[in-house]
Structures are given as structure tokens and as C-alpha cells.
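Peer 1: Submitted below is the structure of interest, expressed as C-alpha cells.
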Amino acid sequence: MFEVEYLTDRQGQPKAVVIPIELWKRLLPGEPLSVQTLSEGIEDYCLNKAMDEARDTPLLSREEALKYLEE
């Protein structure tokens, strides 16, 4: 698990994100740095992580899903 840090301004508003080099290398293996490449890499990583988590999550019944949506 990677520990991502958030940098905030004096009012506590998030202004930047610091990611570990190990994660950086997974997102951009050998790629030249560009904002678009970084953005696509982060999006791919997040979508893959969400799909992995979804695979391990039990499906809800219709009643359970409706109850969850009400909350």
C-alpha cells in the first residue's frame, strides 16, 4: 500500500499531492514526463484499483442496494 500525502495551504485547503517514487514508477514506467501522461497514468491506476476492490466486494441484493442509496 502506498502512502500518499496531501499538502494544504494555511486555511487547510488541499493544494498538492505527494506520491512515493515507487508509485510514480508504476504509473510512468520509462515515460517522459508530461501532464497528460501523468493524468492518464493516475486515472488508469485508480480505475484498476477500484476494479480490484469491486471484485472483492460482495454484491448487494436489490433491497440492500436501495437501503444503501437511501443513506
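The values are calculated or read from the model by the stated rules, or taken from the named source; none is laboratory data. The model shown is predicted, which means the values in this text are computed figures rather than measured ones. Note: ideal-geometry Cβ built from the backbone for every residue, glycine included; neighbour counts use all protein chains shown. These area figures cover heavy atoms from the full protein model, side chains too; ligands, DNA and RNA do not enter into them. Shrake-Rupley method; radii C 1.70, N 1.55, O 1.52, S 1.80 Å.
Peer 1: Which percent of the accessible heavy-atom area of the chain goes to carbon and sulfur, probe 1.4 angstrom?
Peer 2: Of the solvent-accessible surface of the chain, carbon and sulfur hold 55 percent.
Peer 1: Right, here's the next one. At most 14 other Cβ atoms within 10 Å and a DSSP loop assignment: could you name the trypsin sites (Lys or Arg not before Pro) in segment 1-55 that fit?
Peer 2: In loop regions of segment 1-55 (DSSP not H, G, I, E or B), the sparsely surrounded trypsin sites (Lys or Arg not before Pro) are Arg10.
Peer 1: Calculate the dipole size of the chain relative to its Cα centre from +1 charges on Lys and Arg beta carbons and -1 charges on Asp and Glu beta carbons; express the result in debye to the nearest 20.
Peer 2: Charge dipole of the chain: 200 debye, to the nearest 20.
Peer 1: Okay, helix-only estimate at 222 nm for the chain: each DSSP H run of n ≥ 4 adds -39500 (n - 2.57), divide by all residues, round to 500 deg cm²/dmol; what do you get?
Peer 2: Rounded to the nearest 500, the figure is -16500 deg cm²/dmol.
Peer 1: Relative to the longest principal axis of the C-alpha atoms of the chain, give the angle of the C-alpha long axis of helix 35-55, reported between 0 and 90° and rounded to the nearest 10°.
Peer 2: Tilt of helix 35-55: around 30 degrees.
Peer 1: Over the chain, with a Gaussian network built from C-alpha contacts below 10 Å, which listed residue (Pro20, Pro29, Pro58) shows the highest mean-square fluctuation?
Peer 2: Taking springs between Cα atoms under 10 Å, the residue moving most is Pro58.
Peer 1: Just to confirm the filter: which chymotrypsin sites (Phe, Trp or Tyr not before Pro) across the chain are DSSP coil and have at most 14 other Cβ within 10 angstrom of their Cβ?
Peer 2: Taking the chain and a limit of 14 other Cβ atoms within 10 Å, the loop chymotrypsin sites (Phe, Trp or Tyr not before Pro) found are Phe2.
Peer 1: Continuing with the same structure: Taking the Cα atoms of the chain alone, what are Rg (to one decimal) and Dmax (as a whole number) in Å?
Peer 2: Rg then Dmax for the chain, in Å: 17.2, 49.
Peer 1: Taking the chain as a Gaussian network, Cα atoms linked when under 10 Å apart, which of Gly12, Gly41, Gly30 shows the biggest mean-square fluctuation?
Peer 2: Of the options given, Gly12 has the highest mean-square fluctuation.
Peer 1: Using the heavy atoms of the protein chains and a 1.4 angstrom probe, tell me the accessible area per residue for the chain in square angstrom.
Peer 2: 94 Å²
Peer 1: On to the next question. Calculate, for Tyr45 and Thr8, the FRET efficiency according to 1/(1 + (r/R0)^6) with r their C-beta to C-beta distance and R0 22 Å; round to the nearest 0.05.
Peer 2: Plugging the Cβ-Cβ distance into 1/(1 + (r/R0)^6) gives 0.45.
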